[in-house]
Structures are given as C-alpha cells and as structure tokens.
Amino acid sequence: MPEPDLTTRPEKTDLTLGYLRLTDSAPLIMAKEMGFFEQYGLRVELVREISWANARDKLIAGVFDAVSMLAPLPLTTSLGLGGVRESLITGLILSLNGNAITLSSSIYMNLDISVDEPDPIKTAKALKAWVDATGTKLTMGTVHTASCHTLHLRRWLELGGLAIDTDVQIVVLPPEQMADNLANGMVDGFCVGSPWNVLSVQRGIGTVVATGYEMWNNAPEKALVVTERWHEMHPATHLRLRMALMACCEWLASSSNRAMSATVMARTEYLNLPQSTLLPALTGDMVFSRGREPTSLPHFHIFHRYHAGFPWHSDALWMLQNVLRQSYPNDAIPALEQIIQQVFRTDLYRQAAASLQWASPSVDERPLARHDAAWVLEAGIELGADRIIGLHTNDA
C-alpha cells in the first residue's frame, strides 16, 4: 500500500466525538489534553454520553463525527439487529480488556468458596449452588446486548451451570448506573467497564469475581467508529483522527502517563470521579474486595501493546457469532464474512500505521484460544495471550 500523503488537506477540522464515563475513554480525553489532535490539525470537542445507545444514535444522526464504541456494536448495527440499521466502520480498536464481573458482596459472602484462591468458574458454580439452595432468581446487569460485557457475563454464568431466564435475568443499564443499582438491590451483580467495578469495591457493596482478561485474554473492547458515509466524505480527516489516537495510545503505554491520565480524567468535565477510583484500572493495581491487598494486573487495560489497535476479522467473527447465538438466535443473518470485511477495516488501520511508520500485521486473522503468553505472529508482530475461558487448548 502506498504511503498516505498527509499534505492532503483534511475535509473537516472541527470534530465532535462522543464517549462514556469509563477509564478506557483515556485515548480520546488524553489526545485532546496532550495535543495529539492539534498535532494532526484537528480541533476536537468531546461530549460525554450516558449510554451506548445514545452514543450510537447520535453518531448515526450526525451529531457526532465519531465515537468510542463497544467493539461488537458496529457489527450488529450494520446488520440492523436491535431495530437500528446503519453502515458503520472502524479502522482502529482503541483498547483491549477493561471489563470485570462484580457480584453483590452480601451474596458473595454466602458462597462456599475459598477467598484466598479466587477462580471464576468455581465462583460461578458456587453461585449456582447458592441459587439452588435459596430458590433465588438473580438479576445481573450488562451495558448493551451487543457488547463483550454480555458475552463475558453469559459465558461466566453458563460455565457455572446457571440458566439464563430461569436462574438469572439479564438487564441493560448505563455503565455509570451500575454501582447505584447494586447498592439499592435492583441488581445482584453486573459486568461493566472500569471504574464502576472499582467504585463498587471501594463502597464495600461489590466483589470482583472475574476480569474480562480472564474471560478472553486481550479481547477488543472499544473501537473508534464512524458511519461509512462520513468516512467517504472525510477520508483525509478520518486518517488524521486515527493517527492522533494511535499516537495517544502509544503514549498511554507508559505507566507514568497512566497515572497522569487519572488526574486529568478525574476532572468534572470528564469522568467527574476521584482520582483514587480511576487509578486502579489504569495502573493495574486492582482490589477485588474491600480490605484485600491489590492484585497486579498489568494487562487490565491495553491501549497499544500487542498491536492492540488492529481490527482483527477473527475477533469480529468470534464476537458476532456469540452475540447472534446468545441474543438473536432466530434472526435471519447474511454471510458474516462479508459484513465483517465491511465493518472491521484492516486496510484503514494499515494506512494509518504506514503514515506513522509502524509495522502492522499482513493478515486479517489471528488464532484464538491457543496461546498462554505473548507470541510472534510474523516478523515484527508480537501478539498477546488469546485464551478464552473454557476453550483453551495448549499451543505446544
């Protein structure tokens, strides 16, 4: 692919981007604060939204030029699932991992498990035993049907033997409402992105029982998403936007920059939360229940390492197949490979990477559920572990 010419004037320089109150909004917030957008000739306004449906709808309506979006959502929206159809595309994954499943501390304390050796599947099985013994039907929260949160939550429940709709009701709530709904008893637990798990632990109302990384190592979490028609009208602008965010994601790979980011993101105009609530996920020093020592999880948020920004077609296929199986089993669906190629634009990632003089994968798919640790796909391309809980086979 020929190297893009950045002397081409951007079609539009004033952009409005949507985001939610989550620590993995760091690339957008810090790109603005640290001047990465300005470096690429863009003036960006960031607008905070309360829910993923709101962010998606405002993108489609043209209120937003681009949004940080749940990685599976542009796929299902392009298919017209859930009653909304629009051709959406992503040329950049903004983050990997970042979610966790939290259970009400009052329920967790009654489970027959070892708190010294937490294990996601054993905890889920202990929860099933408690549900059977007490006759309780649980209510668990997720942020959107088309999300890795829902995939993680349903898989965790199923591995524990809990039947959806019989043992557990799953409800959709905005991320920032999860902790309050746990506190008032409206839900018994949830799968959500940071900092809402951290906040629940700090308030003493929740216990983290599984991280997203444990459910699927290095799963794509947020993507930079635009409408296909917007991209066609603003290709040079879109290229500059991707490059600015990729440069910021590289900056976020530094632990010292993560700590600085927590200070900035805590401000009223951004996440409006204490710095102490944002730091654990950004630094990887996570506390699973109040009073316990932190656990070091350097992979809790990944923004740059392991070519995190590459929109793998194999990841898209895994997400889409499981969203369809879990939530839309009776819908007539066209060939998935075609929609994945239309939505997950590896060519756009390679274009931006070439402009930044970065290496990028030469293939569109990576193996899943085969590697316990970092591994080399091809010369210059190191990828991270890719285990999926309950599916792992050792790649000897």
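No value in this document is a laboratory result; all are computed from the given coordinates. Please read these numbers as outputs of a predicted model, since none were measured by experiment. Please note: Cβ atoms are built from the backbone with ideal geometry, for glycine as well, and neighbour counts cover all protein chains shown.
When we measure straight from the Cα of K58, which lysines land under 28 angstrom away, once same-chain ones fewer than 8 places off are left out?
Output for K58: K12, K32, K222.
In debye, nearest 20, what is the charge dipole magnitude of region 240-396 about its Cα centre with +1 on Lys and Arg Cβ and -1 on Asp and Glu Cβ, if you could check?
The calculation lands at about 440 debye.
Separation of region 334-362 and region 150-188 by C-alpha centroid, Å?
Computed from Cα coordinates, the inter-centre distance equals 33 Å.
Size of the dipole of the chain about the Cα centre, Lys and Arg at +1 and Asp and Glu at -1 on the beta carbon, nothing else charged, in debye to 20?
Values: 31 positive and 42 negative charges, 105 e Å.
The calculated dipole for the chain is roughly 500 debye.
Relative to the first principal axis of the alpha-carbon coordinates of the chain, what is the inclination of helix 120-134, with its axis defined by its Cα atoms, in degrees from 0 to 90 and to the nearest 10?
Approximately 40 degrees, to the nearest 10.
What is region 81-223's relative contact order, in percent, from Cα pairs under 8 angstrom and six or more apart in sequence?
Values: 235 pairs, mean separation 60.3, N = 143.
This gives 42 percent for region 81-223.
At 4 °C and 1.567 mPa s, what whole-number value in µm²/s does Stokes-Einstein give for the translational diffusion of region 161-245, with Rh from the Kirkwood sum over Cα pairs? Could the numbers behind the result be given before it?
Numbers: Rh = 16.1 Å.
For these conditions, the coefficient is 81 µm²/s.
At a threshold of 8 angstrom on Cα-Cα distance, excluding pairs fewer than six apart, so keeping six or more, what relative contact order does region 119-187 reach in percent?
In percent, rounded to a whole number, it is 41.
Considering only R366, R56, R155, give the residue with the highest GNM mean-square fluctuation for the chain, with springs between Cα atoms whenever their separation is below 10 Å.
Highest fluctuation among the options: R366.
Would you kindly calculate the translational diffusion coefficient of region 309-352, applying Stokes-Einstein with the Kirkwood radius from alpha carbon pairs, for 10 °C and a viscosity of 1.306 mPa s, and quote it in µm² s⁻¹ without decimals?
140
Can you tell which of L73, G161, T142 lies farthest toward the positive end of the dipole of region 54-165, using +1 and -1 charges on the Cβ of basic and acidic side chains (Lys, Arg; Asp, Glu)?
L73
When the chain is treated as a GNM, springs tying every alpha-carbon pair under 10 Å, which of P74, P120, P235 comes out with the largest mean-square fluctuation?
P235
Name the residue, out of W375, W156, W196, whose mean-square fluctuation peaks in a Gaussian network model built on the chain with Cα pairs under 10 Å.
The residue that fluctuates most here is W375.
When the convex hull of the C-alpha atoms of the chain is computed, what volume per residue in Å³ does it have? Don't skip to the end; give the middle numbers.
On the way: hull volume 52.8 nm³, N = 396.
So the per-residue hull volume is 133 Å³.
Which of A352, G18, A316 sits closest to the plus end of the dipole of the chain, meaning its Cα is farthest towards the positive end, when Lys and Arg get +1 and Asp and Glu get -1 on the C-beta?
Of the listed residues, the answer is G18.
Cα-based Rg of region 251-396 per 2.2 N^0.38 Å, rounded to two decimals?
Here the answer is 1.27, to two decimals.
Treating cross-link reach as a plain straight distance, find the aspartates and glutamates whose alpha-carbon is under 16 Å from the alpha-carbon of K128, omitting any fewer than eight places away in the same chain.
Cross-link targets: D112, D119, E158, D165, D167, D188.
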